[in-house]
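Here the structure comes first, spelled out in C-alpha coordinates, and everything after it is commentary.
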Amino acid sequence: MGKAFPSQSESALLLWYQGISDSELETLNDVRKIFQSADLVGNFTVFNIKGHHYRLITYINYEFQLLFIHAVLTHAKYDKENWKNDEWFNNS
(Lines give C-alpha, C1' and ligand atoms only; values in the text may rest on other atoms or scores of the structure.)
Protein backbone atom coordinates (compact mmCIF):
# COMPACT_ATOMS: atom_id res chain seq x y z
CA MET A 1 0.00 0.00 0.00
CA GLY A 2 2.98 2.32 0.04
CA LYS A 3 2.69 4.86 2.85
CA ALA A 4 1.49 3.80 6.27
CA PHE A 5 -1.44 6.19 5.83
CA PRO A 6 -2.32 9.20 3.70
CA SER A 7 -0.57 12.28 5.14
CA GLN A 8 -3.73 14.39 4.78
CA SER A 9 -5.43 12.14 7.32
CA GLU A 10 -2.77 12.51 10.03
CA SER A 11 -4.45 15.13 12.24
CA ALA A 12 -7.83 13.39 12.01
CA LEU A 13 -6.22 10.06 12.91
CA LEU A 14 -4.54 11.64 15.92
CA LEU A 15 -7.92 12.94 17.13
CA TRP A 16 -9.43 9.48 16.61
CA TYR A 17 -6.54 7.93 18.55
CA GLN A 18 -7.02 10.29 21.47
CA GLY A 19 -10.72 9.48 21.63
CA ILE A 20 -10.30 5.74 21.37
CA SER A 21 -7.29 5.35 23.66
CA ASP A 22 -8.96 7.18 26.54
CA SER A 23 -11.90 4.76 26.53
CA GLU A 24 -12.73 1.32 27.82
CA LEU A 25 -14.66 -0.41 25.10
CA GLU A 26 -16.70 -3.52 25.83
CA THR A 27 -19.07 -3.50 22.86
CA LEU A 28 -19.70 -1.80 19.54
CA ASN A 29 -22.28 0.34 21.35
CA ASP A 30 -19.46 1.72 23.53
CA VAL A 31 -17.53 2.60 20.39
CA ARG A 32 -20.59 4.32 18.92
CA LYS A 33 -20.92 6.50 22.02
CA ILE A 34 -17.64 8.09 20.93
CA PHE A 35 -17.80 7.59 17.14
CA GLN A 36 -21.43 7.42 16.06
CA SER A 37 -20.63 6.40 12.48
CA ALA A 38 -18.59 3.30 13.44
CA ASP A 39 -19.84 0.20 11.64
CA LEU A 40 -19.20 -3.50 12.00
CA VAL A 41 -18.27 -5.00 8.62
CA GLY A 42 -17.38 -8.68 8.91
CA ASN A 43 -15.04 -8.85 11.91
CA PHE A 44 -13.76 -5.32 11.33
CA THR A 45 -14.95 -2.06 12.85
CA VAL A 46 -14.83 0.72 10.27
CA PHE A 47 -14.53 4.40 11.17
CA ASN A 48 -15.10 7.45 8.98
CA ILE A 49 -12.11 9.76 9.22
CA LYS A 50 -11.80 13.41 8.19
CA GLY A 51 -15.36 14.03 7.11
CA HIS A 52 -15.81 10.73 5.28
CA HIS A 53 -12.67 11.23 3.16
CA TYR A 54 -10.98 8.17 4.67
CA ARG A 55 -11.97 4.85 6.16
CA LEU A 56 -10.07 3.43 9.12
CA ILE A 57 -10.48 -0.34 9.21
CA THR A 58 -9.77 -1.93 12.59
CA TYR A 59 -10.16 -5.17 14.46
CA ILE A 60 -11.19 -4.76 18.10
CA ASN A 61 -10.73 -7.48 20.69
CA TYR A 62 -13.00 -6.24 23.45
CA GLU A 63 -12.08 -8.98 25.92
CA PHE A 64 -8.38 -8.05 25.95
CA GLN A 65 -8.91 -4.33 25.17
CA LEU A 66 -6.77 -4.53 22.01
CA LEU A 67 -7.31 -2.68 18.78
CA PHE A 68 -5.47 -3.50 15.56
CA ILE A 69 -5.39 -1.10 12.63
CA HIS A 70 -5.84 -3.04 9.42
CA ALA A 71 -5.86 -0.16 6.92
CA VAL A 72 -6.45 3.52 6.31
CA LEU A 73 -8.02 3.92 2.89
CA THR A 74 -9.46 6.68 0.79
CA HIS A 75 -13.18 6.38 0.26
CA ALA A 76 -12.56 5.25 -3.35
CA LYS A 77 -10.16 2.45 -2.33
CA TYR A 78 -12.50 1.36 0.45
CA ASP A 79 -15.36 1.04 -2.04
CA LYS A 80 -13.32 -1.39 -4.16
CA GLU A 81 -13.59 -3.80 -1.19
CA ASN A 82 -10.17 -5.42 -1.73
CA TRP A 83 -9.60 -5.10 2.03
CA LYS A 84 -12.28 -7.75 2.56
CA ASN A 85 -9.89 -10.37 1.12
CA ASP A 86 -8.02 -10.47 4.44
CA GLU A 87 -8.44 -13.75 6.37
CA TRP A 88 -9.38 -11.73 9.48
CA PHE A 89 -12.44 -10.35 7.72
CA ASN A 90 -14.44 -13.46 8.61
CA ASN A 91 -12.09 -15.69 10.62
CA SER A 92 -10.93 -13.81 13.70
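The values are calculated or read from the model by the stated rules, or taken from the named source; none is laboratory data. All values reported here derive from a predicted model rather than from experimental measurement. Positions of Cβ are generated from backbone atoms using ideal geometry, with glycine treated the same way; all protein chains shown enter the neighbour counts. With ligands, DNA and RNA removed, areas are computed over all heavy atoms of the protein, side chains included. Shrake-Rupley method; radii C 1.70, N 1.55, O 1.52, S 1.80 Å.
Of note:
- Equivalent ellipsoid of the chain: semi-axes from √(5λ) of the C-alpha gyration tensor, largest first, are 19, 17, 11 Å.
- E24 paired with H52, simple spin-label distance in nm, labels 7 Å along Cα-to-beta-carbon: 3.5
- Paramagnetic label reach from Y62 (point 7 Å along Cα→Cβ; backbone nitrogen cut-off under 12 Å): within segment 18-34, residues 25-33.
- Quotient of Cα Rg and 2.2 N^0.38 Å for segment 38-92, N being how many residues it contains: 1.09
- Residue-count net charge about I34 - beta-carbon cut-off 13 Å; Lys, Arg +1, Asp, Glu -1: -2
- Cβ-placed point charges (K, R +1; D, E -1), dipole of the chain about Cα centre in debye, nearest 20: 420
- Solvent-accessible surface ranking, highest first, for V31, V72 at 1.4 angstrom: V72, V31
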